[in-house]
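The values are calculated or read from the model by the stated rules, or taken from the named source; none is laboratory data. In this text the structure is predicted, and so the values were computed from the model without any measurement. Don't worry about glycine lacking a Cβ; one is built from the backbone with ideal geometry, like all the others, and counts go over all protein chains shown. For accessibility, only protein heavy atoms count, side chains too; no ligands or nucleic acids. Shrake-Rupley method; radii C 1.70, N 1.55, O 1.52, S 1.80 Å.
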Amino acid sequence: MDDDLPDLIFSATPGAQSREARALRRDAAAGRLVRVQRGVYVATEDWGRLRPWRRHVVRVRAAVSALPADCVVSHGSAVAVHGLPSVQGDPRRVHVIDRRRASTQCTPVLVKHGAGLEDDEIESVGDLLVTSELRTAFDVARSSGFDDGVLCLDGVMRRRLLVESRLPRAAEMRTRVDDLRDEFRLRFGAMADGVVGRRGELALGRAISFATPLSENGGESLVRVALHRLGAPQPILQEEFFDARGFVGRCDFFFEGFGFVLEFDGFGKYSDPRLLAGSSPAEVVRREKKREARLLGTGRVRRIERCDIDDALDPRRLAAIVRRGGVPLRSGRTSASWS
(Lines give C-alpha, C1' and ligand atoms only; values in the text may rest on other atoms or scores of the structure.)
Protein backbone atom coordinates (compact mmCIF):
# COMPACT_ATOMS: atom_id res chain seq x y z
CA MET A 1 0.00 0.00 0.00
CA ASP A 2 2.81 2.40 0.83
CA ASP A 3 5.07 2.20 -2.21
CA ASP A 4 4.56 5.92 -2.81
CA LEU A 5 5.22 6.96 0.80
CA PRO A 6 8.63 8.33 1.81
CA ASP A 7 10.91 6.48 4.19
CA LEU A 8 10.83 7.69 7.77
CA ILE A 9 14.13 8.96 9.14
CA PHE A 10 14.44 8.23 12.85
CA SER A 11 16.80 9.72 15.38
CA ALA A 12 18.12 6.38 16.59
CA THR A 13 20.39 7.82 19.28
CA PRO A 14 18.51 8.67 22.50
CA GLY A 15 18.70 12.22 23.78
CA ALA A 16 17.72 15.54 22.30
CA GLN A 17 21.31 16.77 22.44
CA SER A 18 22.91 13.79 20.72
CA ARG A 19 25.04 14.51 17.67
CA GLU A 20 22.56 12.71 15.40
CA ALA A 21 19.54 14.58 16.78
CA ARG A 22 21.27 17.93 16.33
CA ALA A 23 22.19 17.03 12.73
CA LEU A 24 18.60 16.14 11.92
CA ARG A 25 17.35 19.41 13.44
CA ARG A 26 19.88 21.35 11.36
CA ASP A 27 18.69 19.62 8.18
CA ALA A 28 15.09 20.45 9.11
CA ALA A 29 15.99 24.09 9.80
CA ALA A 30 17.75 24.24 6.41
CA GLY A 31 14.63 22.91 4.68
CA ARG A 32 16.11 19.54 3.66
CA LEU A 33 13.91 17.57 6.08
CA VAL A 34 10.36 17.91 7.42
CA ARG A 35 9.78 17.03 11.08
CA VAL A 36 6.81 14.65 11.26
CA GLN A 37 6.94 14.26 15.01
CA ARG A 38 9.63 14.34 17.69
CA GLY A 39 12.61 12.39 16.42
CA VAL A 40 11.00 11.42 13.09
CA TYR A 41 11.64 13.17 9.76
CA VAL A 42 11.09 12.74 6.02
CA ALA A 43 12.85 14.32 3.05
CA THR A 44 11.28 17.66 2.12
CA GLU A 45 11.13 16.77 -1.57
CA ASP A 46 9.19 13.58 -0.82
CA TRP A 47 6.84 15.36 1.57
CA GLY A 48 6.05 18.06 -0.97
CA ARG A 49 4.68 15.63 -3.55
CA LEU A 50 2.18 14.02 -1.15
CA ARG A 51 -1.50 14.92 -1.05
CA PRO A 52 -2.81 15.98 2.37
CA TRP A 53 -4.38 12.61 3.22
CA ARG A 54 -1.17 10.79 2.31
CA ARG A 55 0.75 13.15 4.59
CA HIS A 56 -1.53 12.03 7.36
CA VAL A 57 -0.67 8.39 6.64
CA VAL A 58 2.98 9.34 7.14
CA ARG A 59 2.04 10.92 10.49
CA VAL A 60 0.20 7.71 11.39
CA ARG A 61 3.21 5.54 10.64
CA ALA A 62 5.44 7.84 12.70
CA ALA A 63 3.04 7.83 15.66
CA VAL A 64 2.44 4.06 15.60
CA SER A 65 6.17 3.41 15.66
CA ALA A 66 6.23 4.64 19.27
CA LEU A 67 3.02 2.87 20.42
CA PRO A 68 2.37 -0.64 21.76
CA ALA A 69 1.97 -3.14 18.93
CA ASP A 70 -1.70 -3.85 19.68
CA CYS A 71 -2.89 -0.25 19.17
CA VAL A 72 -5.19 -0.06 16.15
CA VAL A 73 -5.36 2.94 13.79
CA SER A 74 -8.93 4.28 13.84
CA HIS A 75 -11.40 7.07 13.08
CA GLY A 76 -10.10 9.78 10.72
CA SER A 77 -6.66 8.18 10.62
CA ALA A 78 -8.17 4.88 9.44
CA VAL A 79 -10.08 6.85 6.78
CA ALA A 80 -6.74 8.12 5.46
CA VAL A 81 -5.08 4.69 5.54
CA HIS A 82 -8.01 3.08 3.71
CA GLY A 83 -8.08 5.95 1.19
CA LEU A 84 -11.74 6.75 1.91
CA PRO A 85 -13.18 10.21 1.18
CA SER A 86 -13.10 12.82 3.93
CA VAL A 87 -13.82 16.49 4.47
CA GLN A 88 -10.79 16.81 6.77
CA GLY A 89 -8.01 15.81 4.38
CA ASP A 90 -5.11 15.79 6.87
CA PRO A 91 -6.60 15.49 10.38
CA ARG A 92 -4.74 17.46 13.03
CA ARG A 93 -4.17 14.45 15.27
CA VAL A 94 -3.54 10.74 14.79
CA HIS A 95 -6.33 8.51 16.13
CA VAL A 96 -5.88 4.98 17.48
CA ILE A 97 -7.95 2.57 19.56
CA ASP A 98 -6.06 1.31 22.61
CA ARG A 99 -8.01 -1.73 23.76
CA ARG A 100 -6.33 -1.63 27.19
CA ARG A 101 -7.82 1.76 27.99
CA ALA A 102 -11.25 2.43 29.54
CA SER A 103 -11.37 6.09 28.50
CA THR A 104 -10.06 8.42 25.81
CA GLN A 105 -6.70 10.17 26.20
CA CYS A 106 -5.81 13.21 24.07
CA THR A 107 -2.54 15.00 23.39
CA PRO A 108 -1.87 17.72 20.79
CA VAL A 109 -0.77 15.07 18.26
CA LEU A 110 -2.48 11.82 19.34
CA VAL A 111 -5.91 10.58 20.44
CA LYS A 112 -6.10 7.18 22.13
CA HIS A 113 -9.69 5.93 22.18
CA GLY A 114 -10.61 3.41 24.84
CA ALA A 115 -12.82 0.81 23.15
CA GLY A 116 -13.18 -2.87 22.44
CA LEU A 117 -12.87 -4.39 18.98
CA GLU A 118 -14.03 -7.70 17.54
CA ASP A 119 -11.54 -9.71 15.49
CA ASP A 120 -13.40 -8.96 12.25
CA GLU A 121 -13.18 -5.22 12.99
CA ILE A 122 -9.39 -5.19 12.57
CA GLU A 123 -7.44 -5.42 9.31
CA SER A 124 -3.76 -5.34 8.38
CA VAL A 125 -2.99 -2.67 5.81
CA GLY A 126 0.67 -2.93 4.97
CA ASP A 127 2.48 -2.89 8.30
CA LEU A 128 -0.37 -1.18 10.15
CA LEU A 129 -3.25 -2.60 12.21
CA VAL A 130 -6.33 -0.60 11.18
CA THR A 131 -10.03 -0.75 11.98
CA SER A 132 -11.94 -2.41 9.14
CA GLU A 133 -13.69 -0.19 6.61
CA LEU A 134 -17.05 -1.00 8.19
CA ARG A 135 -15.85 -0.27 11.74
CA THR A 136 -14.16 2.90 10.49
CA ALA A 137 -17.42 4.08 8.91
CA PHE A 138 -19.23 3.32 12.17
CA ASP A 139 -16.76 5.35 14.26
CA VAL A 140 -16.71 8.29 11.86
CA ALA A 141 -20.50 8.40 11.42
CA ARG A 142 -21.13 8.62 15.16
CA SER A 143 -18.37 11.05 16.06
CA SER A 144 -17.17 13.25 13.18
CA GLY A 145 -20.22 15.14 11.97
CA PHE A 146 -22.81 14.52 9.27
CA ASP A 147 -20.65 15.48 6.28
CA ASP A 148 -17.71 13.23 7.17
CA GLY A 149 -20.05 10.42 8.21
CA VAL A 150 -21.85 10.49 4.87
CA LEU A 151 -18.62 10.71 2.85
CA CYS A 152 -17.12 7.73 4.68
CA LEU A 153 -20.28 5.63 4.48
CA ASP A 154 -20.76 6.44 0.81
CA GLY A 155 -17.19 5.35 0.11
CA VAL A 156 -17.44 2.07 2.02
CA MET A 157 -20.82 1.22 0.48
CA ARG A 158 -19.56 2.01 -2.99
CA ARG A 159 -16.58 -0.32 -2.64
CA ARG A 160 -18.99 -3.11 -1.72
CA LEU A 161 -21.23 -2.35 -4.69
CA LEU A 162 -18.53 -2.19 -7.36
CA VAL A 163 -18.05 -5.19 -9.61
CA GLU A 164 -14.67 -5.26 -11.38
CA SER A 165 -14.27 -1.52 -10.65
CA ARG A 166 -17.57 -0.68 -12.36
CA LEU A 167 -21.13 -0.12 -11.17
CA PRO A 168 -23.57 -2.87 -12.17
CA ARG A 169 -26.39 -2.00 -14.54
CA ALA A 170 -29.44 -0.15 -13.23
CA ALA A 171 -31.84 -2.98 -12.30
CA GLU A 172 -29.26 -4.98 -10.36
CA MET A 173 -27.79 -1.84 -8.85
CA ARG A 174 -31.03 -0.65 -7.22
CA THR A 175 -31.61 -4.03 -5.58
CA ARG A 176 -28.07 -4.21 -4.27
CA VAL A 177 -28.29 -0.65 -2.90
CA ASP A 178 -31.31 -1.59 -0.77
CA ASP A 179 -29.56 -4.77 0.41
CA LEU A 180 -26.46 -2.77 1.39
CA ARG A 181 -28.49 -0.28 3.40
CA ASP A 182 -30.22 -3.11 5.27
CA GLU A 183 -26.87 -4.80 5.96
CA PHE A 184 -25.35 -1.61 7.34
CA ARG A 185 -28.37 -0.83 9.53
CA LEU A 186 -28.28 -4.29 11.06
CA ARG A 187 -24.52 -4.31 11.60
CA PHE A 188 -24.37 -0.77 12.93
CA GLY A 189 -27.28 -1.45 15.23
CA ALA A 190 -25.40 -4.41 16.69
CA MET A 191 -22.23 -2.34 17.08
CA ALA A 192 -24.10 0.47 18.82
CA ASP A 193 -25.98 -1.77 21.26
CA GLY A 194 -24.95 -0.79 24.77
CA VAL A 195 -21.98 1.24 23.53
CA VAL A 196 -23.26 4.39 21.85
CA GLY A 197 -25.18 7.08 23.69
CA ARG A 198 -28.32 8.75 22.40
CA ARG A 199 -26.38 11.51 20.63
CA GLY A 200 -24.11 9.05 18.85
CA GLU A 201 -27.07 6.87 17.90
CA LEU A 202 -28.87 9.83 16.32
CA ALA A 203 -25.74 10.79 14.39
CA LEU A 204 -25.43 7.22 13.12
CA GLY A 205 -29.09 7.21 12.14
CA ARG A 206 -28.89 10.43 10.15
CA ALA A 207 -25.77 9.38 8.29
CA ILE A 208 -26.83 5.80 7.46
CA SER A 209 -30.28 6.93 6.27
CA PHE A 210 -28.69 9.43 3.89
CA ALA A 211 -25.73 7.34 2.74
CA THR A 212 -25.64 5.65 -0.65
CA PRO A 213 -23.07 3.78 -2.74
CA LEU A 214 -24.25 5.67 -5.83
CA SER A 215 -21.98 8.66 -5.21
CA GLU A 216 -18.97 7.89 -7.39
CA ASN A 217 -16.50 9.89 -5.27
CA GLY A 218 -16.22 12.20 -2.29
CA GLY A 219 -17.01 15.24 -4.45
CA GLU A 220 -20.37 13.81 -5.46
CA SER A 221 -21.10 12.97 -1.83
CA LEU A 222 -20.40 16.60 -0.86
CA VAL A 223 -22.65 17.87 -3.65
CA ARG A 224 -25.42 15.58 -2.42
CA VAL A 225 -25.08 16.85 1.15
CA ALA A 226 -25.06 20.46 -0.09
CA LEU A 227 -28.16 19.89 -2.23
CA HIS A 228 -29.93 18.41 0.77
CA ARG A 229 -29.06 21.42 2.91
CA LEU A 230 -30.25 23.77 0.18
CA GLY A 231 -33.60 21.99 0.18
CA ALA A 232 -33.40 20.70 -3.39
CA PRO A 233 -35.78 17.91 -4.45
CA GLN A 234 -34.14 14.52 -4.19
CA PRO A 235 -32.39 13.72 -7.49
CA ILE A 236 -32.05 10.31 -9.09
CA LEU A 237 -28.42 9.20 -8.85
CA GLN A 238 -26.59 7.50 -11.72
CA GLU A 239 -29.64 7.53 -14.00
CA GLU A 240 -29.07 5.76 -17.33
CA PHE A 241 -30.13 7.35 -20.63
CA PHE A 242 -30.71 5.75 -24.04
CA ASP A 243 -31.51 7.00 -27.52
CA ALA A 244 -32.14 5.33 -30.89
CA ARG A 245 -28.43 4.47 -31.12
CA GLY A 246 -28.40 2.76 -27.71
CA PHE A 247 -26.82 3.62 -24.37
CA VAL A 248 -25.89 7.32 -24.04
CA GLY A 249 -24.52 7.48 -20.53
CA ARG A 250 -25.10 7.51 -16.81
CA CYS A 251 -25.57 10.93 -15.18
CA ASP A 252 -24.60 11.95 -11.66
CA PHE A 253 -27.78 13.80 -10.61
CA PHE A 254 -31.08 13.80 -12.53
CA PHE A 255 -33.99 15.97 -11.39
CA GLU A 256 -36.61 14.10 -13.39
CA GLY A 257 -39.55 16.45 -12.87
CA PHE A 258 -37.49 19.34 -14.22
CA GLY A 259 -35.57 17.59 -16.99
CA PHE A 260 -32.36 18.80 -15.35
CA VAL A 261 -29.04 16.94 -15.22
CA LEU A 262 -26.27 18.08 -12.88
CA GLU A 263 -22.82 16.60 -13.48
CA PHE A 264 -19.90 16.76 -11.07
CA ASP A 265 -16.46 17.40 -12.58
CA GLY A 266 -13.41 16.48 -10.55
CA PHE A 267 -10.28 18.51 -11.28
CA GLY A 268 -8.41 15.39 -12.37
CA LYS A 269 -10.82 14.79 -15.23
CA TYR A 270 -8.85 17.06 -17.53
CA SER A 271 -5.36 16.59 -16.06
CA ASP A 272 -4.91 13.15 -14.46
CA PRO A 273 -3.20 10.82 -17.00
CA ARG A 274 -5.06 7.83 -15.58
CA LEU A 275 -8.44 9.49 -16.19
CA LEU A 276 -7.43 10.92 -19.56
CA ALA A 277 -6.38 7.42 -20.71
CA GLY A 278 -4.30 8.80 -23.56
CA SER A 279 -6.77 11.51 -24.59
CA SER A 280 -6.04 15.23 -24.56
CA PRO A 281 -8.21 17.57 -22.45
CA ALA A 282 -9.63 18.98 -25.71
CA GLU A 283 -10.71 15.49 -26.78
CA VAL A 284 -12.42 14.95 -23.45
CA VAL A 285 -14.34 18.21 -23.89
CA ARG A 286 -15.39 17.23 -27.44
CA ARG A 287 -16.69 13.87 -26.23
CA GLU A 288 -18.64 15.60 -23.47
CA LYS A 289 -20.26 17.96 -25.96
CA LYS A 290 -21.36 15.04 -28.17
CA ARG A 291 -22.67 13.18 -25.13
CA GLU A 292 -24.62 16.24 -23.97
CA ALA A 293 -26.18 16.62 -27.41
CA ARG A 294 -27.35 13.01 -27.30
CA LEU A 295 -28.71 13.45 -23.77
CA LEU A 296 -30.75 16.46 -24.86
CA GLY A 297 -31.97 14.42 -27.84
CA THR A 298 -33.50 11.74 -25.61
CA GLY A 299 -36.42 14.04 -24.81
CA ARG A 300 -35.96 13.46 -21.06
CA VAL A 301 -33.33 16.17 -20.53
CA ARG A 302 -33.95 19.89 -21.08
CA ARG A 303 -30.85 21.36 -19.47
CA ILE A 304 -27.40 20.18 -18.33
CA GLU A 305 -25.16 22.03 -15.89
CA ARG A 306 -21.79 21.16 -14.36
CA CYS A 307 -20.32 21.81 -10.92
CA ASP A 308 -17.00 21.15 -9.21
CA ILE A 309 -15.65 20.86 -5.68
CA ASP A 310 -15.52 24.65 -5.20
CA ASP A 311 -19.24 24.85 -6.00
CA ALA A 312 -19.97 22.04 -3.55
CA LEU A 313 -18.18 23.99 -0.80
CA ASP A 314 -19.99 27.28 -1.57
CA PRO A 315 -23.78 26.93 -1.15
CA ARG A 316 -24.49 30.19 -2.99
CA ARG A 317 -22.62 29.05 -6.09
CA LEU A 318 -24.25 25.64 -6.09
CA ALA A 319 -27.69 27.19 -5.52
CA ALA A 320 -27.22 29.47 -8.55
CA ILE A 321 -26.29 26.48 -10.75
CA VAL A 322 -29.31 24.46 -9.63
CA ARG A 323 -31.70 27.38 -10.09
CA ARG A 324 -30.41 27.81 -13.66
CA GLY A 325 -31.75 24.31 -14.22
CA GLY A 326 -35.21 25.43 -13.09
CA VAL A 327 -35.08 23.48 -9.81
CA PRO A 328 -36.65 25.26 -6.80
CA LEU A 329 -34.84 25.33 -3.46
CA ARG A 330 -36.08 25.66 0.08
CA SER A 331 -34.34 25.67 3.45
CA GLY A 332 -33.15 22.13 4.19
CA ARG A 333 -32.06 20.29 7.30
CA THR A 334 -30.23 17.01 7.85
CA SER A 335 -33.02 15.39 9.82
CA ALA A 336 -33.13 11.83 8.53
CA SER A 337 -33.52 9.13 11.18
CA TRP A 338 -33.21 5.37 11.57
CA SER A 339 -35.95 3.78 9.49
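The single condition among (1) within 28 Å of residue 214 (Cβ to Cβ); (2) open to solvent by less than 40 Å² (accessible area, probe 1.4 Å) that residue 86 does not meet is (2).
Restricting attention to the range 124-168, which residues are small (Gly, Ala, Ser) and over 18 Å from residue 74 (Cα atoms)? If the condition is that a residue be small (Gly, Ala, Ser) and over 18 Å from residue 74 (Cα atoms), then 165 is the only one that fits. You will find that of 94, 111, 81, the residue that is among the aliphatic types (A, V, I, L, M), out of contact with any Leu (no Cβ under 8 Å at 6 or more places or on another chain) and open to solvent by less than 30 Å² (accessible area, probe 1.4 Å) is 111 and no other. Quick check: anything in the range 130-152 aliphatic (A, V, I, L, M), crowded, with 21+ Cβ neighbours inside 10 Å and farther than 27 Å from residue 229 by Cβ? Checked against the condition, which is being aliphatic (A, V, I, L, M), crowded, with 21+ Cβ neighbours inside 10 Å and farther than 27 Å from residue 229 by Cβ, the range 130-152 yields at least one hit. Please determine whether any residue of the range 22-44 is among the polar types (S, T, N, Q) and either in contact (Cβ under 8 Å) with a residue 24 or more places away in the chain or surrounded by 14 or more Cβ atoms within 10 Å (Cβ to Cβ) (or both). Checked the range 22-44: at least one residue is among the polar types (S, T, N, Q) and either in contact (Cβ under 8 Å) with a residue 24 or more places away in the chain or surrounded by 14 or more Cβ atoms within 10 Å (Cβ to Cβ) (or both). Being assigned to a loop (DSSP other than H, G, I, E, B), touching a residue at least 12 places away in the same chain (Cβ under 8 Å) and either out of contact with any Cys (no Cβ under 8 Å at 6 or more places or on another chain) or open to solvent by less than 30 Å² (accessible area, probe 1.4 Å) (or both) is true of residue 117.
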